[in-house]
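*Asks:* Structure incoming, see below.
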Amino acid sequence: MNHPDKQKSYEDEQKRISETVSKIKHRIAVFSGKGGVGKTTVSVNLAYAFQLEGYSTGILDADITGPNVAKMLNVQDEMIYLDEKMIPFEKYGAKMISMASLLPHGQPLIWRGPMRSKVINQFLADVDWGELDYLIADLPPGTGDEILTIAQEMKPDYAIIVTTPQEVSVIDAERAINMAKKLEIPFIGVVENMAGFVCPHCGAVAEIFGAGGGEKLAAEYDVQFLGSIPIDIDARILSDKGKPIVLEKQNSEVSIVFKSIAAFVAEHYKKELLTKLV
Ligand SMILES: Nc1ncnc2c1ncn2[C@@H]1O[C@H](COP(=O)(O)OP(=O)(O)O)[C@@H](O)[C@H]1O
Ligand SMILES: [Mg+2]
């Protein structure tokens, strides 16, 4: 049996998590089977695409051992606490929390799953997110503890699976779709990233990672295909500088796709609400 004090602190934390979650209208988990396919890029740019549509948005960096959101937004400050609550960083108008702000630069975090889950719980229970339209959780690759914890505690209503068109990534994305189904996340969408590279010199398109893998996968599993994002050198350069491309180069093809995905998802929620009302 659990020690009564432990049980009480668990119950208190659960209560605080429920309070946080109840104030966030839509919760999106971004994950994939494979690393380096663009989860963090998609999480960050989608957050600002929602922001551009006038929604209040937050990003929860749930990649505890490889937190990249702070870098992609050039947030280097230390965390501020107020009345035992962590104050999320505000960057370009969106809120953000990342383990990177709690770690000395370059230091690895060697933690087993339960410790990583504990931090995610704290990011929900003890961060003052306030009222939000969207909270996006950026997850590490694979189907490990982080996604289980996010599914149980944040209760996402939309899973966005990121894949490149390449078979090795699509196979892993298949696992991620099945995971989302098992976790009973009500809506699942696939984003294909790094689909085609337009040569900045001659304009020819090179399909570096192949083409169409994400769309085919979505059709096979009967989930929503949300869009194909090309490879754009500026997307990489800007992300290294901490500036989301969707804010910096709003008319680039990459930004246009991000904005269309955000508009689609927002419309989806509106329709959902209508069907609940009738
Ligand atoms: N569409 C794209 N065009 C150019 N670079 C991209 C694109 N998507 C991601 N990248 C770059 O690829 C790298 C890996 O992306 P990232 O979002 O960190 O992947 P993940 O979170 O899945 O590990 C980053 O340097 C990022 O800037
Ligand atoms: Mg990442």
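The values are calculated or read from the model by the stated rules, or taken from the named source; none is laboratory data. Worth saying up front: this structure is predicted, and the values here are computed from it rather than measured. Virtual Cβ from ideal backbone geometry, glycine too; neighbours counted across all protein chains shown.
*Asks:* As an exercise: evaluate residue 263 against (1) assigned to a helix (DSSP H, G or I); (2) at pLDDT below 95 and give the number of the one condition it does not meet.
*Replies:* (2)
*Asks:* Got a number for residues in segment 149-197 being under 19 Å from residue 264 (Cα atoms), in contact (Cβ under 8 Å) with a residue 40 or more places away in the chain, of a type in the set (A, V, I, L, M) and part of a strand (DSSP E or B)? Steps first, please.
*Replies:* Filtering segment 149-197 for residues under 19 Å from residue 264 (Cα atoms) gives 156-163, 185-193.
With the extra rule that they be in contact (Cβ under 8 Å) with a residue 40 or more places away in the chain, the set shrinks to 156-163, 185, 187, 189, 191, 193.
When the remaining residues are screened for being of a type in the set (A, V, I, L, M), the result is 159-162, 185, 191.
Pick out the ones that are also part of a strand (DSSP E or B) and you get 159-162, 191.
Number satisfying all stated conditions: 5.
*Asks:* Separate question: Note down all Cβ pairs under 6 Å where the first residue falls in segment 52-71 and is under 18 Å from residue 86 (Cβ atoms), the second is within 13 Å of ligand 1 (Cβ to nearest atom) and part of a loop (DSSP other than H, G, I, E, B), and they're at least six residues apart or on different chains.
*Replies:* Hits for this filter: 61/67; 61/98; 62/139; 63/140; 67/98; 69/98; 70/98.
*Asks:* Do we have residue 266 as more than 12 Å from ligand 1 (Cβ to nearest atom), buried (at least 20 other Cβ atoms within 10 Å of the Cβ) and within 17 Å of the chain's Cα centre (by Cα) here? I'd like the intermediate steps shown before the answer.
*Replies:* Working: more than 12 Å from ligand 1 (Cβ to nearest atom): yes; buried (at least 20 other Cβ atoms within 10 Å of the Cβ): no; within 17 Å of the chain's Cα centre (by Cα): yes.
When the stated conditions are applied, residue 266 does not pass them.
*Asks:* Kindly provide the set of residues from segment 64-118 that are part of a strand (DSSP E or B), over 15 Å from the mean Cα position of the chain (by Cα) and over 21 Å from residue 248 (Cβ atoms), ordered by number. Can you show your working first?
*Replies:* The initial filter retains those residues of segment 64-118 that are part of a strand (DSSP E or B), namely 80-82, 85-87, 89-91, 94-97.
Next, from what is left, pick out any that are over 15 Å from the mean Cα position of the chain (by Cα): 80-82, 85-87, 89-91.
Within segment 64-118, 80, 81, 82, 85, 86, 87 meet the criteria.
*Asks:* Any residue at all in segment 237-258 that's surrounded by 21 or more Cβ atoms within 10 Å (Cβ to Cβ), within 16 Å of ligand 1 (Cβ to nearest atom) and aromatic (Phe, Trp, Tyr)?
*Replies:* yes
*Asks:* Moving on. Is one or more of the residues making up segment 16-28 out of contact with any Asp or Glu (no Cβ under 8 Å at 6 or more places or on another chain), surrounded by 14 or more Cβ atoms within 10 Å (Cβ to Cβ) and under 23 Å from residue 241 (Cβ atoms)?
*Replies:* Within segment 16-28 (the criterion being out of contact with any Asp or Glu (no Cβ under 8 Å at 6 or more places or on another chain), surrounded by 14 or more Cβ atoms within 10 Å (Cβ to Cβ) and under 23 Å from residue 241 (Cβ atoms)), the answer is no, since none of the residues qualifies.
*Asks:* So, one more: (1) modelled with pLDDT under 95; (2) part of a helix (DSSP H, G or I): which one isn't true of residue 202, the others all being true?
*Replies:* (2)
*Asks:* Of these, 134, 221, 158, which one is away from ligand 2 (no atom under 16 Å from the Cβ), hydroxyl-bearing (Ser, Thr, Tyr), more than 20 Å from the chain's Cα centre (by Cα) and surrounded by 15 or more Cβ atoms within 10 Å (Cβ to Cβ)?
*Replies:* On the way: 134 fails: more than 20 Å from the chain's Cα centre (by Cα); 158 fails: more than 20 Å from the chain's Cα centre (by Cα).
One residue alone meets the criteria, 221.
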